[in-house]
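Here is the structure we will look at, set down as structure tokens.
The values are calculated or read from the model by the stated rules, or taken from the named source; none is laboratory data. Just so we're clear, the structure is a prediction, and the values are computed from it rather than from any experiment. No Cβ is skipped: glycine too gets one built from the backbone with ideal geometry, and neighbour counts run over all protein chains shown. Ligands, DNA and RNA are excluded from the accessible area calculation, which covers all protein heavy atoms including side chains. Shrake-Rupley method; radii C 1.70, N 1.55, O 1.52, S 1.80 Å.
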Amino acid sequence: MAKEKLTIHAVILAGGRGTRFWPRSRTRTPKQLLNIVGKETMLQQTVARLKPLIPAERIWTVTNAEQAAVVRKQVPAAARKRVLIEPMGLNTAVAIGLAAIHVRHAAHGDALMAVLPADHYIAETRPYRRIVRTALGVAGEPGRMVVLGIPPRWPDTGFGYIERMNVAASSEAFPVYPVRRFTEKPALETAKEYLASGNYHWNAGMFFWRVSTFLEELRNHLPATFAALHELAERIGTRNYGSHLRKIYPKLENISVDYAILERVTADAATAKVFVIPAEVGWSDIGSWAAVYELLAKHSGENIFSGDGHAIDAGGNFLSSDGKFVAAIGVNNLVVVETADALLICPRERAQDVGKLVKWLEEQKMKKWL
């Protein structure tokens with residue numbers, strides 16, 4: 001019964017840069033703050049999916065100082081005071097730890113946390129919310145941690161995978177499986193084996209647990225970070241919170257929550273502590289302009305225009321130029337994205353390499369285009 005009394009809080013991780021969406025994605029307006037697919041931004045879509053489940057005053061967003069002002073404009077008014085600003089990016093374990101101490105403070109004790117990326121696309125929102133309810137129900141048990149697993153549609157080498165046990169541990173609305181192990185991004189042949197087995201899922205970075213469960217595992221596996229955040233928690237709401245935050249942050253461990261906690265808990269536990277729920281919800285991390293094309297194209301070879309345009313003897317192109325008519329003649333499988341100060345042209349199959357261009361701009365100190 002105790003778990004039913006816990007308030008539910010969402011923590012949205014919104015500090016990434018989205019370099020593969022240059023030239024639209026910039027330091028102050030990265031992927032999650034843009035309307036990459038649809039009229040609303042990725043962050044706004046993430047919040048909208050949660051509204052029927054979690055009130056706005058219990059939606060937290062973790063971001064950085066450069067993006068904080070735009071984030072506050074995009075979240076509901078009741079969620080603006082829940083925007084947490086990291087002094088520097090230190091991966092997900094610390095970002096979630098920072099949110100956890102704030103949730104505990106606001107809840108005056110324990111609470112349930114749903115941890116979600118700000119920049120993922122989910123087509124089927126109703127089943128998604130039903131799965132989230134199931135995950136929160138499982139996570140209400142002390143010591144349990146839940147992750148959503150995306151059934152793989154092809155042998156992708158760009159995702160980490162979750163291997164589940166063969167037999168479901170729970171007869172909830174959706175099957176809930178104990179996790180056997182987490183794996184790193186595999187080679188192609190290994191990814192093919194994962195796909196064929198039926199027991200592996202893409203790790204989409206969506207997690208559910210009690211605040212107390214997470215902080216206990218943080219204490220077990222990252223004790224120095226836990227101690228620093230525990231000390232910071234005592235300063236929440238005080239005048240010296242900000243200065244102490246800036247003081248301790250560079251000393252915290254730069255590591256993902258998957259590697260720091262979930263993998264270790266799974267490997268060490270004599271009985272299952274981490275569980276996975278397969279989530280068939282039309283998910284995409286929309287990792288590049290090519291992924292946007294694949295999401296929007298209704299058939300192979302279709303040309304996708306962000307505005308007005310026409311193609312002659314052309315196919316498979318993604319063409320984005322706000323406010324301009326785009327004409328394409330005799331070209332195939334291109335990505336063309338124009339902004340006021342930059343123009344990207346590349347084959348669709350090379351869209352992942354846009355991140356390399358951004359790295360080059362950084363090396364050349366061309367801040368104007370970053």
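Just need a number here: residues in segment 19-51 that are modelled with pLDDT under 90 and farther than 19 Å from Ser321 by Cα.
Selection size over segment 19-51: 3.
Against the definition (surrounded by fewer than 14 Cβ atoms within 10 Å (Cβ to Cβ), of a type in the set (A, V, I, L, M) and out of contact with any strand residue (DSSP E or B) (no Cβ under 8 Å at 6 or more places or on another chain)), how does Ala340 come out, yes or no?
Judged against the criteria, Ala340 is a match.
Any residue that is out of contact with any Pro (no Cβ under 8 Å at 6 or more places or on another chain), under 20 Å from Trp209 (Cβ atoms) and open to solvent by 30 Å² or more (accessible area, probe 1.4 Å) - is there at least one of those in segment 278-300?
No, segment 278-300 contains no residue that is out of contact with any Pro (no Cβ under 8 Å at 6 or more places or on another chain), under 20 Å from Trp209 (Cβ atoms) and open to solvent by 30 Å² or more (accessible area, probe 1.4 Å).
Go through (1) over 24 Å from the mean Cα position of the chain (by Cα); (2) over 16 Å from Ala139 (Cβ atoms) and name the single condition Arg180 misses.
(1)
Just for strands (runs of 3 or more DSSP E) wholly inside segment 272-370: which have at least 1 residues that are over 30 Å from Ala135 (Cβ atoms)?
309-312, 318-321, 326-329, 334-338, 343-347
Within segment 85-101, which residues are open to solvent by 10 Å² or more (accessible area, probe 1.4 Å), in contact (Cβ under 8 Å) with a residue 60 or more places away in the chain and over 16 Å from the mean Cα position of the chain (by Cα)?
Passing the criteria: Glu86, Pro87, Met88.
Of all the residues that make up segment 138-162, how many are within 23 Å of Asn199 (Cβ to Cβ), surrounded by 16 or more Cβ atoms within 10 Å (Cβ to Cβ) and over 18 Å from the mean Cα position of the chain (by Cα)? Reasoning before the result, please.
Residues of segment 138-162 that are within 23 Å of Asn199 (Cβ to Cβ), as a first pass: 138-139, 144-162.
Those left that are additionally surrounded by 16 or more Cβ atoms within 10 Å (Cβ to Cβ): 138-139, 144-150, 152, 155-156, 159-162.
Restricting the remaining residues to those that are over 18 Å from the mean Cα position of the chain (by Cα) gives 138-139, 144, 155.
Number satisfying all stated conditions: 4.
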